[in-house]
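What follows is a single structure, written as structure tokens, with notes after it.
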Amino acid sequence: MSSTARLMDGSALARRIVGQAAERAADLTRQTGRAPCLATVLVGEDPASVTYVRMKRARCEKAGIRSRHVELPAATTTAELVGTIAALSQDPDVHGILLQHPVGPHIDERAAFEAIAPEKDVDGVTFHSFAAMSFGLDGFASCTPGGILRLLDHYEVDLTGKHAVVVGRSAILGKPVGMLLLGRNATVTYCHSRTTDLASITREADVLIAAVGRPRFLHGEHIKPGAVVIDAGYNPGNVGDVDFESASARASLLTPVPGGVGPMTIAVLLTQTVDAAARQLGVA
Ligand SMILES: NC(=O)C1=CN([C@@H]2O[C@H](COP(=O)(O)OP(=O)(O)OC[C@H]3O[C@@H](n4cnc5c(N)ncnc54)[C@H](OP(=O)(O)O)[C@@H]3O)[C@@H](O)[C@H]2O)C=CC1
Ligand SMILES: Nc1nc(=O)c2c([nH]1)NC[C@@H]1CN(c3ccc(C(=O)N[C@@H](CCC(=O)O)C(=O)O)cc3)C=[N+]21
């Protein structure tokens, strides 16, 4: 007889976290006469990115966070984008800045991220934020990794001494989530496109994080029975990086897609925007 994994309900947890952020945003607005404000920057018209940004702005509005949207043409140069972001970094009416990734291949995305002032880096994408997070110091977490840790905490997954395997090493997801897990005393292994015999490694994982960007890439045979499996993937058609059916028969805890990591990402973004505003408005 095969068992079925318990689902980790990111939608429900995110709703609670967003509710708390909304209360704090309202308090802040009452106290200072100014609402927290997130600037969203979108380069080009990639349909998925357009949707994500719209979703993030809608959640902000519902939570009493203003957003200021900047749309730039796909042909924008690195210098123009850096200039736009540097101006937002200087603008006292803007408390947080989100540059939607990816920008076009002709743009130096790293240079653009680094134009975000550290105190406004609510998406946790700068060198400063990554280093602070890696050292366990104060700073803004990369949103998806931060959301994943909150989910693990909520479901009381003890990470100390556990073998955590992260499949993926991108700057906004794989690499930072591994650093957060390391900070919680997990033994961390990173896998990537050059990893040989992936399944033999993932099958050793007590906690498996899928951040690959390939639909249903990891399945039951990649999973150790009883493992905790986090599917951070979000592919076209709302499909994760984990094959839900076969994973569910092996894992003890599993995030669904949608309704798992995605909503948590936005909850962390809103929370960090309110944190940033509170500090900049002198209330925190
Ligand atoms: N829910 C959310 O809030 C978010 C979801 N996502 C989703 O997470 C997924 C990953 O996103 P992101 O990190 O930005 O993607 P990237 O494309 O930047 O990174 C993908 C990673 O997967 C690795 N990889 C690719 N193919 C293989 C393979 N065959 N075997 C092992 N590793 C492989 C790559 O390795 P290498 O480095 O060697 O190229 C790379 O490190 C996507 O589905 C994305 O949509 C992303 C951000 C937020
Ligand atoms: N600088 C940057 N920061 C990001 O955080 C970032 C980014 N760039 N680029 C793209 C990815 C993608 N991403 C998602 C966020 C929420 C959901 C989400 O809420 N999904 C819902 C479903 C929403 C729906 O489709 O209705 C869910 O999974 O339940 C998905 C994907 C953030 N990203």
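None of the figures in this text is laboratory data; all of them are computed from the coordinates on show. Predicted model, so just to flag it, every value in this text is computed and none were measured. A quick note on method: Cβ atoms are made from the backbone with ideal geometry, for glycine too, and the neighbour counts reach across all protein chains shown.
Summary table below
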read-out: Residues satisfying the stated conditions in the stretch 152-174, i.e. free of Cβ contacts under 8 Å to residues at least 40 places away in the same chain and outside any loop (DSSP other than H, G, I, E, B); value: Asp153, Gly174
read-out: Single unsatisfied condition, Glu109 versus (1) more than 14 Å from ligand 2 (Cβ to nearest atom); (2) free of Cβ contacts under 8 Å to residues at least 12 places away in the same chain; value: (1)
read-out: Test result for Leu149, within 29 Å of Arg16 (Cα to Cα) and part of a helix (DSSP H, G or I); value: yes
read-out: Residue among Val207, Val283, Val228 that is out of contact with any His (no Cβ under 9 Å at 6 or more places or on another chain) and within 22 Å of Leu159 (Cα to Cα); value: Val228
read-out: Unique match (being more than 15 Å from ligand 2 (Cβ to nearest atom) and touching a residue at least 12 places away in the same chain (Cβ under 8 Å)) among Ala74, Ala39; value: Ala74
